[in-house]
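Throughout, read-outs are computed from the coordinates displayed, never taken from laboratory work. Computed from a predicted structure; not experimentally measured. Glycine gets a Cβ as well: all are built from the backbone with ideal geometry, and neighbour counts include every protein chain shown.
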Amino acid sequence: MTDVVLNTEGRPLSKRGLDTRRRLLDAAEAVFSELGFHDASVVKITEAAGVAAGTFYLYFDSKKSIFDELVRDLN
């Protein structure tokens, strides 16, 4: 059984939404790797992902939430 990925409002993500979420996670990995957790920011992550800053909050509640998801994803 595959897990359904939800947005911050609890709705399932479309294919496009899943792609955007993946771009955010990939960008977060790069930004955290380069700057570390404390110097990374949501703005830097969204710039690296090529999305608007507000788009981040459709997928993650905070910088910590994307970091936690990234750790799970990498494990």
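Rank Val31, Val42, Val51 by mean-square fluctuation in a GNM of the chain with C-alpha springs under 10 angstrom and give only the top-ranked residue.
Val51
State to the nearest 20 debye the size of the charge dipole of the stretch 7-50 about its Cα centre, where the only charges are +1 on K and R beta carbons and -1 on D and E beta carbons.
Here the stretch 7-50 has a charge dipole of around 340 debye.
Output ³J(HN,Hα) for the stretch 30-39: one whole-Hz value per residue in order, computed from phi by the Karplus curve 6.51 cos²θ - 1.76 cosθ + 1.60 with θ = phi - 60°, and x for Gly and Pro.
5, 5, 5, 5, 6, 10, x, 4, 5, 8
Let me know the Kirkwood hydrodynamic radius for the chain, please, with Cα pairs as the basis and the value in Å to one decimal.
12.4 Å
Which distance in nm do the two modelled labels at Asn7 and Lys64 give, with both placed 7 Å along the Cα-to-Cβ direction?
2.4 nm
Label points 7 Å out from Cα along the Cβ direction at Val71 and Leu35: separation in nm?
Label at Val71, label at Leu35, 2.0 nm between them.
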